Structure formats: C-alpha cells, structure tokens
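Colleague: Right, I'll just put the structure down here and ask away after.
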Amino acid sequence: MENPYITPGRVRAALNALDLRPSRELGQNFLVDPGALQEIVSAAELSSDDTVVEIGPGLGVLTYELLRHAGQVIAIELDKRLAARLPGEFPWADNLTVVQGDVLRVNIGELVGEKSYKVVANLPYQITSAIIRHFLEVTPTPQVLVIMVQWEVAERIVAKPPNMSVLAHSVQYYAEPSIVARVPADSFVPAPKVDSAVLRLVRRPQPLVQVDDVDAFFRTIKAGFLQARKKLSNALPNGLAGMGITIEKDAALQVLAMAGVDPARRAETLTMEEWARVHVALRQRMRAGDNTAAEA
Ligand code: SAM
C-alpha cells in the first residue's frame, strides 16, 4: 500500500495547517522520499512481535509504516504541536503511544517495560551523537537502531583503522554499525545542506573488548585523540596532561611498548583491541606509582 503521507505537497500542506515553520534547532527536515522510507523499514526487519521506539515522528510519515509493520509503536516527539497532532492522523491505530517530551529525558524503561525493542527514526541532526550514545548506554538498551543520520556522521561511525575517531570507538564498542543506504539531501522538506545515510547499529552480545572500567577506558582513548595528528609518543602524554593526568614521555613510551604499539603511530590507526592493551598497560604503570598525579 502506498504511503499516503509522503508527498512534498502533503508535508507542506500539513505544515501550513499547523502554521509551523520547520525549526532548524529541532532538526525538522521531513522525509518525502518513499525509497528512503522503504530502506529504513526493511533494515529494521519488523514483525508484529516488535516494539518500536520512534524518535521525532514529526508529521508521521515513518510512523505510518511502523504502525503497519510492528506490534507496538512508541513515538517520542518534543514539538508540542506535532505531538498533539499525531494521534488524530492514525485513528485506526490501537498500537500507537505518543509521548510528548525530550527523548533524552524520558524514562525508556517505564515505556517499554521488560520487552526488547528497536529504535527506528529519522533523527534530529543536532543531537545525533547524544541520542546514539544515550541508546547504547541506557537500560534497557535496544537490540537494534535503524536511524537516518548525516552521511558524514555515518561514515565516521563505520570507520576502520587508520580512520578511527572517538565517535567510531564509542559506537563500535557496543554495536556493529553498517550503512544501509545513501539518501540525497532533496529527499527532505526543507532540504538540509548535506546528504544523509540510513545507518543500522546492531547491539553486540558483549562489548567488543573486555575492560574493567569503561569510563576510564574511554578517557584513555580520548586522551590519545586530543592531539590526533601527533605520534602517540607525544599525543598520549600530552592528552593525559590535558585531563590532569601526569605521565612523563619515557613512561608513555614504556606503556606503548608494553601494549605492543609502535609509538610513531597516530591515534586514528589503532584498533580497539590495541587501545585496550594501551589502557591496561597505562593502569599498570600508574599503579606502579612513580609517575602518577592521578589514576587514569
Ligand atoms: N520522522 C519525521 C520524518 O521522517 O519526516 C521527522 C524527522 S525530523 C528529522 C526530526 C524530528 O525530531 C522532528 O519532528 C523534531 O521536532 C523532533 N525532535 C527534535 N528534537 C527532539 C528531541 N529532543 N526529542 C524528541 N523529538 C525531537
């Protein structure tokens, strides 16, 4: 069945009826491309057993497809006018719950209960990273996220060495990312400046590496990336110093040697496994005590 909500004319008419000028601050770029919509829906592999959390349903273009393919749909919309309008668009749907609020503040556990769930959304771009981080760390965590993000953000998330970033590590630690499709900018009203991507993040059963303290592990990675263009022999002690952790260059060289990482390499080239070894070696060196001002 054709999605009756998706033409640019329908979207503009709905915005006019609400007297709503799309807000850049809220990332209000409404999808008008049936092909992109199908990519999202098929990547989510929905069945009537699924509970879906949709972030930012907007005018309901994607919500319509989710209601048809999933069991339950929980749509969280910050914009009061859009949230208030949504239930009236789908009077036939008894599987829709609309929550007006900031997705980063609502209690997901209370909404989904014990059930496993999927996140499917065309994300507001301004807070993409915050939303991804939130749903990778929140309890309960979704089994999969299928999300529309800016193309360049998707590329950074799926990167491999030698093109890694803190963002890539922080996603890949928890999930396996893949780009499902490229979506041209003119697939939205209003059109953003850049293309988008449908990105699929599948939660790993276990994090990619085992570390005793995740926050400390990511502090080590962030320290290495603070001066990403420099060799690790300099970038690591400088980055740690920037975080208030003092380690002499000689000690940093010993840490890298213990981890089996060439000190001439740059942060972007390391695998997460290598960062885990650097982190363990750093903690051992810190515990040995001769150089420390604080624990890493
Ligand atoms: N799903 C619609 C579509 O595909 O056409 C709209 C997507 S639009 C890119 C992003 C939506 O997220 C907007 O409706 C916006 O109002 C909403 N939004 C922005 N910030 C939000 C937040 N913090 N929590 C929930 N929704 C938010």
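Please treat every number below as a calculation from the coordinates, not as lab data. If you're wondering where the values come from, they're calculated on a predicted model, not measured in any experiment. Every residue, glycine as well, gets a Cβ built from its backbone with ideal geometry; the counts of neighbours run over all protein chains shown.
Colleague: Do any chymotrypsin sites (Phe, Trp or Tyr not before Pro) in the stretch 89-190 lie in a DSSP loop with no more than 13 other beta carbon atoms within 10 Å, and if so, which? Please report the intermediate quantities before stating the final value.
Modeller: Working: sites: Trp92, Tyr117, Tyr125, Phe135, Trp151, Tyr173, Tyr174, Phe188; in loops: Trp92, Tyr117, Tyr173, Tyr174.
Those satisfying the criteria are Trp92.
Colleague: Per residue of the stretch 140-155, in order, report the coupling 6.51 cos²θ - 1.76 cosθ + 1.60 (Karplus, θ = phi - 60°) as ³J(HN,Hα) in whole Hz, putting x for Gly and Pro.
Modeller: Residue by residue, the stretch 140-155 yields x, 9, x, 6, 8, 10, 10, 9, 8, 9, 5, 3, 5, 5, 4, 4 Hz.
Colleague: Given the stretch 8-203, what count of lysine pairs have C-alpha atoms under 28 Å apart, with each pair 8 or more places apart or on different chains? Display every interim value, and only then the final one.
Modeller: Details: Lys80/Lys115; Lys80/Lys118; Lys80/Lys193; Lys118/Lys160; Lys160/Lys193.
The result is 5.
Colleague: On to the next question. Give me the three principal axis extents of the stretch 92-221 from the C-alpha atoms, as integers in angstrom, largest value leading.
Modeller: 49, 38, 22
Colleague: A further question follows. After finding the eigenvalues of the alpha carbon gyration tensor for the stretch 8-203, what semi-axes result from the square roots of 5 times each, listed largest first in whole Å?
Modeller: 25, 20, 15
Colleague: What number, rounded to the nearest 500 deg cm²/dmol, is the helix-based mean residue ellipticity at 222 nm of the chain, given -39500 (n - 2.57) per DSSP H run of at least four residues and division by all its residues?
Modeller: Numbers: 12 runs with 120 residues, N = 296.
When only DSSP H runs of four or more count, the value is -12000 deg cm²/dmol.
Colleague: Just in the stretch 142-228: which trypsin sites (Lys or Arg not before Pro) are loop by DSSP and have at most 15 other Cβ atoms within 10 Å? Don't jump to the answer; show the numbers that get you there.
Modeller: Details: sites: Arg156, Arg182, Lys193, Arg200, Arg203, Arg219, Lys222; in loops: Lys193.
Passing sites in the stretch 142-228 are Lys193.
Colleague: Follow-up. Once amide H atoms are placed 1.01 Å from N in the peptide plane, what residues at a sequence separation of 5 or more from Phe30, or on another chain, have their amide H within under 5 Å of its amide H?
Modeller: Answer set, sorted by chain and number: Val189.
Colleague: Projected onto the charge dipole of the stretch 8-203 (+1 at Lys/Arg Cβ, -1 at Asp/Glu Cβ, origin at the Cα centre), which of Ala185, Ala154, Gly109 gives the Cα projection farthest towards the positive end?
Modeller: Ala185
Colleague: Counting GluC sites (Glu not before Pro) as exposed when in a DSSP loop with at most 14 other beta carbons within 10 Å, what is the longest stretch of the chain free of them? Write down the numbers at each step before the final one.
Modeller: Values: sites that count: Glu2, Glu25, Glu45, Glu114, Glu248, Glu295.
Of all site-free stretches, the longest is 115-247.
Colleague: If I model a spin label at Val194 and Leu20 as a point 7 Å from the Cα along the Cα→Cβ vector, what separation in nanometres do I get?
Modeller: Between Val194 and Leu20, the label points sit 2.5 nm apart.
Colleague: Could you grab the Rg to Rh ratio for the stretch 214-287? Cα atoms only, Kirkwood for Rh. Spell out each step's value before the answer.
Modeller: On the way: Rg = 10.4 Å, Rh = 11.6 Å.
For the stretch 214-287, the value is 0.90.
Colleague: When the Karplus curve 6.51 cos²θ - 1.76 cosθ + 1.60 is applied with θ = phi - 60°, which whole-Hz ³J(HN,Hα) does each residue of the stretch 230-238 get, with x for Gly and Pro?
Modeller: 8, 5, 4, 4, 9, 4, 5, x, 5
Colleague: Here is a follow-up. What is the gain in length, in nm to one decimal, between Asn163 and Thr269 on full extension, counting 0.36 nm per residue of separation less the C-alpha to C-alpha distance? It would help to have the intermediate numbers written out before the result.
Modeller: Values: separation 106, 0.36 × 106 = 38.16 nm, distance 0.63 nm.
My answer for the length gained is 37.5 nm.
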